[in-house]
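Chemist: Below you will find the structure I want to go over with you.
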Amino acid sequence: MKIAFASSEVVPFAKTGGLADVAGALPKEIAKLGNEVKVFMPKYYQINEYEYGHQYDSLIGELKVSINGYEHSVHVFYGKLPNSNVDTYFIHYPNFFHRNKIYTEDWDEDERFILFSKAVIQVMQKLGWSPDIVHVNDWQTALIPVLLRETFAWDSLFNKTKTVLTIHNIGYQGRFSIESYKRAELPVELYEHFGPLTHEGDSNFLKSGILYSDVINTVSDTYAKELLTREYGSGMDGYLWGRHTDFYGIVNGVDYNVWNPETDKYIPYHYTIDDLTGKLKNKKFLLDKLGMPFSSDIPLIGIVSRLVKQKGFDIISEILHKILDLNLQLVILGSGEDDYENMFQDAANKYPNKMGVYFGYNEELAHLIEAGSDIFLMPSHYEPCGLNQIYSLKYGTVPVVRKTGGLADTVQDWNEYNAYGHDTGNGFSFYEYSGKALLQSIERALNDFNNKPVWRKIQNNGMSKDYSWHHSAEEYIALYKKAFSK
Ligand code: ADP
Ligand code: GLC
């Protein structure tokens with residue numbers, strides 16, 4: 001099959017979260033399974049073409065991309081996903097993509113991704129490349145299925161093309177004023193007078209994608225079920241119900257070339273499931289780096305996260321001081337809302353030996369925290385898939401999570417009901433979204449941390465499980481086939 005994969009972020013070029021990890025790994029696996037894949041992303045200011053050997057694509061040359069009747073002159077750079085043969089096209093329009101952040105609150109945020117979406121289609125036209133599947137991800141590319149059917153339907157290149165939309169996070173929908181659809185030059189009957197593409201009187205790019213894609217999925221089974229409820233659907237549950245026979249869950253995989261304690265290029269000491277000596281050395285290295293004392297007997301809890309409500313920081317804030325009264329240490333790497341930064345900074349000032357913080361984005365520290373921590377904390381309010389808990393399993397870092405979305409699908413509670421026999425489980429989880437329930441789970445984990453054979457068993461259960469992309473990539477192929485047979 002020929003697959004076009006469009007994403008607003010792709011590892012290693014640009015990343016704010018897990019979408020980039022997925023977009024940097026899944027296309028390679030799909031290609032390995034014998035398919036032709038082309039990846040499309042914006043060429044942000046932060047991407048240095050010389051570092052990766054990307055070249056200006058003179059064969060494609062200039063694209064004239066129209067927004068609100070005005071033609072923008074767009075160019076394209078070309079390269080490969082590292083360690084692969086996967087073609088990657090970078091949409092170059094400095095006026096839109098040379099900003100200090102990947103996502104902005106600027107007035108033309110809608111236009112940035114309308115332009116990107118149209119450019120993806122126009123590159124395929126220039127290449128004369130007819131994809132079987134166009135796979136789009138989240139709101140930033142969710143208009144592509146609409147544009148293919150409404151704006152570019154005249155082009156027989158796309159006669160057989162089907163579309164797949166992956167929802168990575170329902171919390172971000174691409175909601176703008178109704179004018180955005182006008183700027184996208186979509187037919188007026190689709191949006192005027194509360195037309196079908198509108199949601200609560202606004203434009204909503206994700207809703208549009210839900211209505212127009214041939215097949216839709218999200219990134220775990222549990223989140224797929226949750227999205228059909230009012231509680232989790234963020235207003236999209238009704239539309240998803242309308243498409244429920246075309247709506248699936250596929251859990252994300254992990255790129256073990258990047259996230260593997262045996263080979264991780266960011267950590268000073270490698271280790272394996274049979275010998276965790278290196279893990280302890282990484283713990284010391286990490287604590288030294290953060291200026292904190294080291295003891296092998298004091299459990300170290302790690303957090304690597306966007307600092308947003310989704311990730312459970314309000315229930316952490318309820319009990320932060322109770323946590324820090326326990327015999328443990330806590331390190332946090334994150335960037336996001338100031339209130340959460342301030343809360344953690346204040347706590348770090350008060351308990352300098354127990355709590356370490358780093359605010360900002362830091363790839364190396366993210367790996368070091370995975371490797372050096374004993375416990376990984378992820379008490380998300382909702383979590384479509386979540387990657388860090390899956391990385392944690394591989395690093396022997398026992399996850400403590402809230403039982404929701406992909407966290408529920410990947411973390412099994414240690415000895416919960418002994419339902420599957422004794423000594424099963426790879427972490428600790430709780431259901432009720434409250435500081436109290438979170439604290440109880442942390443206390444359970446600390447209790448077992450002191451029982452070394454038990455702790456080692458929990459670590460082994462996590463480390464021995466394979467979450468590589470191979471299996472999920474096969475599920476995506478099956479999904480593409482479903483779309484293609486429609
Ligand atoms: P989400 O996509 O909702 O942020 P995921 O768990 O799927 O959550 O993925 C988050 C990814 O972003 C992981 O690879 C994680 O290591 C990384 N990450 C998050 N915050 C930071 C940070 N401050 N510095 C470095 N990496 C980070
Ligand atoms: C989103 C979700 C996260 C998921 C990631 C990749 O950002 O919040 O749970 O793992 O996308 O699919």
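The values are calculated or read from the model by the stated rules, or taken from the named source; none is laboratory data. All figures in this text were calculated on a predicted structure; none of them were measured in a lab. Note that each Cβ is placed from the backbone with ideal geometry, even for glycine, and that neighbours are counted across all protein chains shown. Just the protein is used for accessible areas: all its heavy atoms, side chains included, with ligands, DNA and RNA removed. Shrake-Rupley method; radii C 1.70, N 1.55, O 1.52, S 1.80 Å.
Chemist: Among the listed pairs Lys43/Lys101; Lys80/Lys279; Lys2/Lys118; Lys322/Lys452; Lys118/Lys160, which have their C-alpha atoms separated by more than 22 angstrom in this model?
Modeler: Lys80/Lys279; Lys322/Lys452
Chemist: If amide hydrogens are placed 1.01 Å from N in the peptide plane, which non-local residues have theirs closer than 5 Å to the one on Gly249?
Modeler: It is Thr218, by chain and number.
Chemist: Tell me the net charge near Ala348. Cut-off is 13 Å between Cβ atoms, Ala348 excluded, with +1 for each Lys or Arg and -1 for each Asp or Glu.
Modeler: It works out to a net charge of 0.
Chemist: Could you state the accessible area per residue of the chain in Å², with a 1.4 Å probe and every protein chain left in place?
Modeler: Result: 40 Å² per residue.
Chemist: Starting from a Cα-only point model with no solvent, please compute log10 I(q)/I(0) by Debye for the chain at q = 0.10, 0.13 1/Å.
Modeler: -0.77, -1.23
Chemist: Does segment 208-253 classify as rounded, prolate or oblate by the C-alpha gyration tensor (a ≥ b ≥ c root eigenvalues; a/c under 1.5 gives rounded; else a/b over b/c gives prolate, otherwise oblate)?
Modeler: oblate
Chemist: Summing -39500 (n - 2.57) over the DSSP H runs of n ≥ 4 in the chain and dividing by its residue number, what mean residue ellipticity at 222 nm do you reach, to the nearest 500 deg cm²/dmol?
Modeler: My calculation for the chain gives -11000 deg cm²/dmol from helical runs alone.
Chemist: Now a separate question. In sequence order, what are the phi-derived ³J(HN,Hα) couplings for segment 399-405 according to the Karplus relation 6.51 cos²θ - 1.76 cosθ + 1.60 with θ = phi - 60°, rounded to whole Hz, with x for glycine and proline?
Modeler: x, 10, 9, 8, 6, 8, x
Chemist: At a probe size of 1.4 Å, how large is the accessible area of Arg306, to the nearest 10 Å²?
Modeler: 70
Chemist: Residues with beta-carbon under 11 Å from that of Ile301, excluding Ile301: net charge, scoring Lys, Arg +1 and Asp, Glu -1?
Modeler: Charge balance in the 11 Å sphere: 0.
Chemist: Using a Debye calculation, one point per C-alpha and no hydration shell, please list log10 I(q)/I(0) for segment 267-331 at q = 0.17 Å⁻¹ in order.
Modeler: -0.75
Chemist: Can you give the log10 of the normalised intensity I(q)/I(0) at q = 0.11, 0.14 Å⁻¹, computed with Debye over equal Cα scatterers of segment 277-466?
Modeler: -0.42, -0.71
Chemist: Report, by chain and number, residues whose modeled amide H sits under 5 Å from the one on Thr88, excluding near sequence neighbours (fewer than 5 apart, same chain).
Modeler: Those qualifying (amide H under 5 Å, at least 5 residues apart or on another chain) are Val39, Gly79, Lys80, Leu81.
Chemist: Roughly how many percent of the accessible protein surface of the chain is carbon and sulfur, given a 1.4 Å probe and a whole-percent answer?
Modeler: Result for the chain: 50 percent of the exposed heavy-atom area is carbon or sulfur.
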